[in-house]
Amino acid sequence: DYVVVKMIPDNRLPPRHLHSVHTGKTFAVIKWESPYDSPDQDMLYAVAVKDLVRKTDKIYKVKSRNSTVEYTIKKLEPGGKYHVIVQLGNMSKESSMKINTVPLSAPDALKIITENDHILLFWKSLALKESNFNESRGYEIHMFDSLMNITAYLGNTTENFFKVSNLKIGHNYSFTVQARCLYGGQMCGEPATLLYDELGTGKDSSATQAGRGTDVAAIVVPVLFLLLVTLGIGFVLLYMRHRRLQNSFTAFANSHYSSRLGSAIFSSGDDLGDEDDEAPMITGFSDDVPMVIA
């Protein structure tokens, strides 16, 4: 024996398993399930989005018969904080969650140029890669003194450079540049950080790596140049010696050239010392000749 039981749908139940699927800079994809399985009619949901920074509310209506509902919340702000509430249109029990959108990227190519009594921070415009950033918003700069363990707000600018003065010798500093924070410092961009060593070097950490490569190049390039110069001088000396030997041989051959025979005549060495043939030969000593020893 068996019996079939059909449960009466309860529209007062809240949506189930509300969660975020993907979050970007200006949008968020959320998903939830209906209060009960296999709805037999369209269900109207109310999606309330509360901006926790601006203190504003927006309500969106979503109609679906599916057991699983996916919805994209648009027109959000980078680095924003939101409280999302989903419930049936009859104001039943609700499901809620919090969403933080992705902040703006950090500025690229942050560099330091050292002057006599100050330094200049340079970076690329954030508008080159962030379509949601307006230069009128500007940037803000912070400095951390590791020796004093103090973080200071230096100011903001709409330019792509910033002048920093009154740095103390012997202190190490960290500078951060980011899109200016909005609404009480709650909506900020990602910071770009750069270390600066004031121990008499006046170089930042990124410049140190470049400096090491420059030092190596400063050593290798002169050595290679000297090697090339030495090889060139060696080839010149060899060439000059070869030409000198060739000229000496040519002169020697010309001095022994016989126009009558049409060839050069060289001595074989048998005729050497002919001038001494008439000299008397030294003969052996006779036993009758006394030897005088001085």
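The values are calculated or read from the model by the stated rules, or taken from the named source; none is laboratory data. Since the model is a prediction, treat every value here as computed from it, not as a measurement. Neighbour counts run over all protein chains shown; Cβ positions are idealised from the backbone, glycine included. These accessible areas exclude ligands, DNA and RNA; they are computed on the full protein's heavy atoms, side chains included. Shrake-Rupley method; radii C 1.70, N 1.55, O 1.52, S 1.80 Å.
Structure values in brief
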read-out: Of residues in segment 52-73 being open to solvent by less than 50 Å² (accessible area, probe 1.4 Å) and in a loop (DSSP other than H, G, I, E, B), the one farthest from Glu130 (Cα to Cα); value: Ser67
read-out: Cβ pairs under 6 Å, 6+ apart, first in segment 174-189 and assigned by the TED database to the domain that holds Glu159, second charged (D, E, K, R) and surrounded by 17 or more Cβ atoms within 10 Å (Cβ to Cβ); value: Arg180/Arg137; Arg180/Glu140
read-out: Number of the condition not met by Leu76 [criteria: (1) open to solvent by 80 Å² or more (accessible area, probe 1.4 Å); (2) in contact (Cβ under 8 Å) with a residue 12 or more places away in the chain; (3) on the phi < 0 side of the Ramachandran plot]; value: (1)
read-out: Residue match in segment 127-145 (condition: in a loop (DSSP other than H, G, I, E, B), touching a strand residue (DSSP E or B) at 6+ places or on another chain (Cβ under 7 Å) and open to solvent by 40 Å² or more (accessible area, probe 1.4 Å)); value: no
read-out: Selection from segment 96-112 of residues that are surrounded by 14 or more Cβ atoms within 10 Å (Cβ to Cβ) and over 30 Å from His19 (Cβ atoms); value: Pro107, Leu110, Lys111, Ile112
read-out: In segment 162-178, the residues that are over 20 Å from the mean Cα position of the chain (by Cα) and aromatic (Phe, Trp, Tyr); value: Phe162, Tyr173
